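Here the structure comes first, spelled out in structure tokens, and everything after it is commentary.
The values are calculated or read from the model by the stated rules, or taken from the named source; none is laboratory data. Predicted model, so just to flag it, every value in this text is computed and none were measured. With ideal geometry, Cβ positions are generated from the backbone for all residues, glycine too; neighbour counts draw on all protein chains shown. With ligands, DNA and RNA removed, areas are computed over all heavy atoms of the protein, side chains included. Shrake-Rupley method; radii C 1.70, N 1.55, O 1.52, S 1.80 Å.
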Amino acid sequence: MIRKKIPCAVLTFSTTTAAMSMEKKCGDYKIPGRLIPVPREITAGCGLAWKMTAEDYEAYKQKIERLNLTVEQIVFMEL
Amino acid sequence: MIYFDNAATTMHKPEPVIHAVVQAMNSLGNAGRGAHEASLDASRNIYGVRERIVDFFHGEDPSRIAFTLNSTESLNMAIKGILEPGDHVVTTVLEHNSVLRPLYEMEEKGVEVTILSCDEYGMVYPEDFAAAVRPNTKAFICTHGSNLTGNVIDIRQIGKTARDRGIRFVVDASQTAGVFDIDVQKMNIDILCFTGHKGLLGPQGTGGMYVRKGVNVRPLKSGGSGVKTFEKKHPAQMPTALEAGTLNGHGLAGLGAAVDYLNQKGITSIRKKEQALMEKFYLGVRDIPGVKVYGDFRTMNRCAIVTLNIRDYDSGEVGDALYVDYGIAVRTGAHCAPLMHQSLGTAEQGAVRFSFSHFNTEEEIQRGIDAVRELAE
């Protein structure tokens, strides 16, 4: 059975390199989340997206903004 | 075998490089083609190499490094990707065919090409570039080190000349990357083309290019990118723009380990060791009757290459004798550098190139000197 869905923030990128940069920096700065295949509802450049709970996103939003990452879009959805 | 053909490829690779390739071949998926761990590990690995390479050349950001097969691919991409019919480009007789042939192709398409000649030492100078500038000069394309003579060119000053005039500066670092300090920002380099298998001590089939922010290069290839699948055009974002198709993840793992090795060992100490071996060899052969050495030895701050001829002997014959009778591997013939050979007057005879690595020993150098002396008798 498919997993229960919860409110999430999904950050998309235009290149795999940008996604890797996100993962690396989130690791360095202890920002929660992980890379997932881009959900079909989203049109994104790169097939990888960074998924974190909406709650975590709100808590780490300012930290993420300061990282100067090349994020294509941020989508909020049940995932 | 005594291996003195390190300018062709460094045969002796550090153990961690070999280990990294084997480990990668046992574990990596296809980078950027999935979100499972095997694919993510490949992407992480390649991203890590991008970071190390961009730091090594002092670039601004890992996305400015595109990986290619070798310098030839990088140079083709740079030359065909920035020049348009009607543009003028300045280059030198020192260049390898990986620069000259793409330029001859562009010449047929209407690009004007000025090829700077060298002096008796086989050198070109920054002021030669400045003097060749025309209103339509788009780029300077220059080797950092001659693959034939080992002469090192003052790319820092040429870069300044280029930037002051709004001209693109493309550097072929095939012979110097991994041995000489290269700072793309301080040297005003717009595109740096490098190979992984020479001084960088990585596997063959690895290489790349640094492209400065704001410089657009038209890609040679388009195709699979793992991103923007439904768009008809290949993505324009770096580095994806210049990396169609599956990357050589296994080789790049080795290149990453090689950069770690270089950083740990320090390229200054590597260069000093290589230059000391070169100097010993040069001093040992230069006064042997019948031996003619080519290149600029007024300074020893040069690539660890000594190129020579013995009397009027065919260079190929000398190379064969060196290998068969002494077990010494060198490169003879034309070295893909036709204009440099013509300038030195060696187009017919070719030349015998000895190129050294920090893995060579003084004893090997002495055996090389003795072999040249015997052959010259």
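Tell me whether the stretch B:100-107 contains one or more residues that are free of Cβ contacts under 8 Å to residues at least 24 places away in the same chain and in contact with a strand residue (DSSP E or B) (Cβ under 6 Å, 6 or more places away or on another chain). Yes: the stretch B:100-107 contains one or more residues that are free of Cβ contacts under 8 Å to residues at least 24 places away in the same chain and in contact with a strand residue (DSSP E or B) (Cβ under 6 Å, 6 or more places away or on another chain).
Within the stretch B:35-70, restricting attention to residues that are hydroxyl-bearing (S, T, Y) and open to solvent by 10 Å² or more (accessible area, probe 1.4 Å), which residue is farthest from the other protein chains (Cβ to nearest Cβ)? Out of the qualifying residues, it is B:T68.
Taking the criterion of being outside any loop (DSSP other than H, G, I, E, B) and not aromatic (F, W, Y), the residues of the stretch B:200-244 that qualify are B:G207, B:G208, B:M209, B:V211, B:V227, B:T240, B:A241, B:L242. In the stretch B:161-204, the qualifying residues are those that are charged (D, E, K, R) and in contact with a strand residue (DSSP E or B) (Cβ under 9 Å, 6 or more places away or on another chain), and the one that is farthest from B:E15 (Cα to Cα) is B:R165.
Is there a residue in the stretch B:25-34 that is touching a Lys or Arg at 6+ places or on another chain (Cβ under 7 Å) and either buried (at least 23 other Cβ atoms within 10 Å of the Cβ) or part of a helix (DSSP H, G or I) (or both)? No, the stretch B:25-34 contains no residue that is touching a Lys or Arg at 6+ places or on another chain (Cβ under 7 Å) and either buried (at least 23 other Cβ atoms within 10 Å of the Cβ) or part of a helix (DSSP H, G or I) (or both). Among residues of the stretch B:204-219 that are farther than 18 Å from B:I189 by Cα and assigned by TED's automatic domain parsing to the domain that holds B:R50, those with a Cβ under 7 angstrom from a residue that is in a loop (DSSP other than H, G, I, E, B) and among the hydrophobic types (A, V, I, L, M, F, W, C), sequence gap 6+ or separate chain, pair up as B:G205/B:L69; B:P219/B:A244. Of the residues in the stretch B:77-87, at least one is surrounded by fewer than 23 Cβ atoms within 10 Å (Cβ to Cβ), among the small types (G, A, S) and assigned to a helix (DSSP H, G or I). When restricted to residues that are open to solvent by less than 30 Å² (accessible area, probe 1.4 Å) and either touching a Ser or Thr at 6+ places or on another chain (Cβ under 9 Å) or among the hydroxyl-bearing types (S, T, Y) (or both), the stretch B:9-24 contains 2. One residue stands out among those in the stretch A:1-58 that are more than 14 Å from every other protein chain (Cβ to nearest Cβ) and part of a helix (DSSP H, G or I): the one that is surrounded by the fewest Cβ atoms within 10 Å (Cβ to Cβ), which is A:E58. Flag set for B:M209, criterion: under 28 Å from B:H234 (Cα atoms), modelled with pLDDT of 95 or more and surrounded by 21 or more Cβ atoms within 10 Å (Cβ to Cβ). Here B:V93 clears all of (1) in contact with a helix residue (DSSP H, G or I) (Cβ under 6 Å, 6 or more places away or on another chain); (2) free of Cβ contacts under 8 Å to residues at least 24 places away in the same chain except the condition numbered (2). Considering only the stretch B:134-151, I want to know if a residue exists there that is open to solvent by 10 Å² or more (accessible area, probe 1.4 Å), among the aliphatic types (A, V, I, L, M) and either in contact (Cβ under 8 Å) with a residue 24 or more places away in the chain or within 24 Å of B:G81 (Cα to Cα) (or both). Looking through the stretch B:134-151, none of the residues is open to solvent by 10 Å² or more (accessible area, probe 1.4 Å), among the aliphatic types (A, V, I, L, M) and either in contact (Cβ under 8 Å) with a residue 24 or more places away in the chain or within 24 Å of B:G81 (Cα to Cα) (or both).
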